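Reviewing the structure listed below.
Read the figures in this text as sums done on the coordinates, not as results from a lab. Everything numeric here is computed off the predicted structure, so don't read it as measured data. Every residue, glycine among them, receives a Cβ derived from its backbone with ideal geometry; neighbour counts consider all protein chains shown.
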Amino acid sequence: MPINSNQSQWLRGWIRAALISAAAWLPLSAQALNIFACEPEYAALAKALAPNAEVFSATSAMQDPHHVQARPSLIAKLRNADLAICAGAELEVGWLPMLQMKANNPQVRDGKPGMLYAADYVEAIGKLDQIDRTMGDVHASGNPHFHFSPTRIAQIAAAISDRLILLDGANADHYRQQQQQFRDRWQAAQQRWQQQAAPLAGIKVIAYHSNFAYLFDWLGIEQIGDLEPKPGLPPTTSHLSQLLALSKQQTVTAVIYNGYQDPRGVDWLSQRTGIPAVRLPYGPGVDGIDDLAALYDRVIADLLALL
Ligand SMILES: [Zn+2]
């Protein structure tokens, strides 16, 4: 049956409408990026900056990011990733190179736009000029546990956003919008945290490893002792005795550790000194904490509760 002019006009209009609506959603859904984050803090940032992406975190906040098994599921995730986001500064040196090799994904090799190390965009604290074997498992390139530094998080977020635009230019405007929203929310929150946390300045704590060093640095908290006798080593009896002596000489507000650290040394010290042991949430995805802002809220509240 021949198509009359009314029908063909209707058909052309329909096709045009269909094309326009397809164009509106295609760039986002057809090119949804696969993002592989080494730690949950970078997964949370990726979700905020690229809400349409498929985001996967290799570790949870209850897992030690220094030591991770290169499991087949992780290899498969990295193989399909368009972008990998990791702390860098040797935090993942024990497992990521192996994962990159086995995943065999040229996109996420070091130096490629698909591989982003946060450490390349921030100044690390605690860099060491000289190291030797006697020092333990030190972070020679500086402390890679950046995610409790609000200024560094803002810098890392900007770097991630730039990278998203580079990898997925069709959605550049969308990423710019997300980055601006994140930046505005983060700036406002930072002022709130600064005010709330003011009473914490000057308190002394004993903590486990350098996981919270950026938090302490930011809020003016002094870590006078470390549960680890040397970085990466568990507390020994003699080291704990030294900490016990130290905590009798000074006013220590808390012994702080995180969800993946062994509480035995912490409890031992806490029981003998009466200093409260405080397990702080270490990343988004635990204790009902969805994102980095909620993590900061909770950690500051937990510390204020000690005063
Ligand atoms: Zn570390």
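State to the nearest 20 debye the size of the charge dipole of the chain about its Cα centre, where the only charges are +1 on K and R beta carbons and -1 on D and E beta carbons.
Dipole size: approximately 560 debye.
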**Asked** Nearest 10 degrees, 0 to 90: what angle lies between the long axis of helix 292-304 and the longest principal axis of the chain (Cα atoms)?
**Response** 20
**Request:** Tell me what the chain gives for mean residue ellipticity at 222 nm when only DSSP H runs of n ≥ 4 count, each as -39,500 (n - 2.57), the sum divided by the residue total, rounded to 500 deg cm²/dmol.
**Result:** -14500 deg cm²/dmol
**Prompt:** Taking neighbour counts of Cβ atoms within 10 Å as a proxy for exposure, in what order, fewest first, do 241, 73, 141 appear?
**Reply:** 73, 241, 141
**Complete:** Longest principal axis of the chain (C-alpha) makes with the long axis of helix 237-249 (C-alpha) an angle, in degrees to the nearest 10, of 80
**Message:** With +1 assigned to the C-beta of every Lys and Arg and -1 to the C-beta of every Asp and Glu, and no other charges, what is the dipole magnitude of the stretch 197-304 about the Cα centre in debye, to the nearest 20?
**Reply:** 480
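In what sequence do 217, 129, 291 fall when counting other Cβ within 10 Å, fewest first?
With the sparsest Cβ surroundings first, the list reads 129, 217, 291.
Residue 138 to residue 185: FRET efficiency via 1/(1 + (r/R0)^6), r the Cβ-Cβ distance, R0 22 Å, to the nearest 0.05?
0.05
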**Prompt:** Amide H to amide H, which residues 5 or more places from residue 203 or on other chains are under 5 Å from it, using H placed in the peptide plane?
**Reply:** 222
**Prompt:** In whole Å, what are the Cα extents of the stretch 78-153 along the three principal axes, biggest one first?
**Reply:** 37, 32, 18
**Rg [Å, one decimal], Dmax [Å, integer] - the stretch 135-226, C-alpha atoms** = 16.8, 50
**Request:** Could you give the spread of the C-alpha atoms of the stretch 30-194 along their three principal axes, from largest to smallest, in whole angstroms?
**Result:** 50, 42, 28
**Distance between the stretch 89-163 and the stretch 204-262 - C-alpha centres, whole angstrom** = 24
**Request:** Name the residue farthest towards the positive end of the dipole of the chain from the options 174, 273, 35, assuming +1 on Cβ of Lys and Arg, -1 on Cβ of Asp and Glu, about the Cα centre.
**Result:** 174
**Asked** With axes computed from alpha carbons, what is the tilt in degrees of helix 264-273 against the longest principal axis of the chain, rounded to the nearest 10 within 0 to 90?
**Response** 50
**Message:** With θ taken as phi - 60° and the coefficients 6.51, -1.76 and 1.60, list the Karplus ³J(HN,Hα) couplings across the stretch 84-95 in order, rounded to whole Hz; mark glycine and proline as x.
**Reply:** 10, 10, 9, 5, x, 6, 6, 4, 9, 4, x, 9
**Equivalent ellipsoid dimensions for the chain as semi-axes, Å, which come from the Cα gyration tensor, largest first** = 46, 22, 16
**Message:** Only Cα pairs within less than 10 Å get springs; with that Gaussian network setup on the chain, which residue of 151, 251, 59 has the largest fluctuation?
**Reply:** 251
**Request:** Determine the alpha carbon to alpha carbon distance for each of 102/230; 47/102; 127/248; 204/248; 47/77 and list only those over 24 Å.
**Result:** 102/230; 47/102; 127/248
**Asked** Kirkwood Rh, the stretch 197-304, all Cα pairs: how many Å?
**Response** 14.1
**Fill in**
Sorted by chain and number, the residues with a modelled amide H under 5 Å from that of residue 278, at a separation of 5 or more or across chains, are 255, 256, 257
